[in-house]
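Every number here is computed from the coordinates shown, using simple stated rules; none is lab data. Remember, it's a predicted structure, so these values are computed and weren't measured experimentally. Virtual Cβ from ideal backbone geometry, glycine too; neighbours counted across all protein chains shown.
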Amino acid sequence: MAAEAVAAVEIRGALARLRRGTGLPVAFGGLVESGRPQIRISELSGTATAALSSLAVTSGNGLGGKAVALGRPCAVMDYPSSRHISHEYDVPVAAEGIRSVLAVPVVVRRRVRGVLYGALRSAQPLGDRTLDAAVAAARDVEQALVVRDEVRGLLAAAGPEPAAGSRRGDGAGGWEQVREAHAALRALAPRIADPALRAELLAACGLLTATRPAAGTSLAPRELDVLSWVAAGATNAAVGERLGLRPETVKGYLRSAMRRLGAHTRGEAVTAARRAGLLP
C-alpha cells in the first residue's frame, strides 16, 4: 500500500475515534500534499454534503491552514464570524452547516503531515476535554506514521537477502543500521496502545531475522530488547537510557539472556541469538 494510502487509512480511523471520544457530529481531515504548502481534505465522517470533499486548504488560510502554519491545535466558536482566521473557505463551510470547529495538526518529526477537524453545527464553546480528545486522536495517527516510516526505513536499509550460509551483516554496512533500527523499534513497541499496530511492528522486526527462531530457543521480550541494543553496540548504560531501565536491571536481563542461550559473554550471546534467528 502506498504511503499516502496508509496515512489516509490512519486518518480515517482517527476521525472515527475523534467522534466517539468527543461526541462531535462531524469530523473530517486530510494530508499535506507532497511538495505543496496545502492539505487536501479527503476523509469525511458525519458530513451531510460533499462540500468539503477534496477541498485544498493552503497553509495559513482558514482554520486548518492556521493549524498547519503554527503546528498546533486551533479552534473557533463561530467559524463564519471569527476574527482570528481568514475566510477563504466560508462557502463550503456554510454549505456543510458547521459553526464551532477545531483543527489539530498531525506532526511527525516536526513536519505537519495532515490535519484532523471536528465540528458542531451550532456556535458554542468546544471545551478542553473535547480538544484533548481530538489531540489524542491526532497523536494516534502520528505514532502510527512514525512506526510505519521506521519500518520502511528499516526494510530499505536491509537491502538484498544475504546468500545462503552467510551471516547477515557480512560485507553489508547497511545491516548495522538495520540492527540499530530493529532495537529502536522493539523499544518503541511496548508504548504503542493499538494492539494490531504493535503486533504489526513486531512482525516487521521478525522479518529481519535470518531464519525462523530455532525450536526450543526463546528469550523474554525484555531480554530480547536488551540484547538487540547490545548487538547494535550499545553499552549497558546506553541500553538503560534507551529502554528506561536502570543499568542493574539491564545487567539482570542480559545475564538471563546469556543463560538461556548458553553464552558466557555478551558477544557469544549476540552470536547465539543471531544463529537462533532471534536477531538480524
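Would you pull out the residues with amide H under 5 Å of residue 276's amide H, same chain only if 5 or more places away, H placed 1.01 Å from N?
Residues meeting the amide H criterion: none.
Calculate one ³J(HN,Hα) per residue across the stretch 82-87 by plugging θ = phi - 60° into the Karplus curve 6.51 cos²θ - 1.76 cosθ + 1.60, and present them in order as whole Hz with x for glycine and proline.
5, 8, 9, 9, 7, 10
Please list, in order along the stretch 270-278, the HN-Hα scalar couplings obtained from phi with the Karplus expression 6.51 cos²θ - 1.76 cosθ + 1.60 (θ = phi - 60°), rounded to whole Hz, x for Gly and Pro.
Once rounded to whole Hz, the list reads 5, 4, 5, 5, 5, 5, 7, x, 8.
Using the Karplus curve 6.51 cos²θ - 1.76 cosθ + 1.60 with θ = phi - 60°, what ³J(HN,Hα) values do you get for each residue of the stretch 16-23, in whole Hz, with x for Gly and Pro?
5, 5, 4, 5, 5, x, 10, x
Enumerate the amide H contacts of residue 26 below 5 Å, restricted to partners 5 or more residues apart or on another chain; note that Pro and chain-start residues carry no placed amide H.
119
On a C-alpha basis, how far is the centre of the stretch 121-138 from the centre of the stretch 233-263 in Å? Whole number, if you could?
Centre-to-centre distance over Cα atoms comes out at 43 Å.
Give me 126, 202 ranked fewest to most by other Cβ atoms within 10 Å of their Cβ, as a rough exposure proxy.
202, 126
If the only charges are +1 at each Lys and Arg Cβ and -1 at each Asp and Glu Cβ, what is the size of the charge dipole of the stretch 3-155 around the Cα centre, to the nearest 20 debye?
It works out to roughly 220 debye.
Lys/Arg Cβ at +1, Asp/Glu Cβ at -1, dipole of the stretch 1-86 taken about the Cα centre: which of 23, 37, 71 is farthest positive-ward?
23
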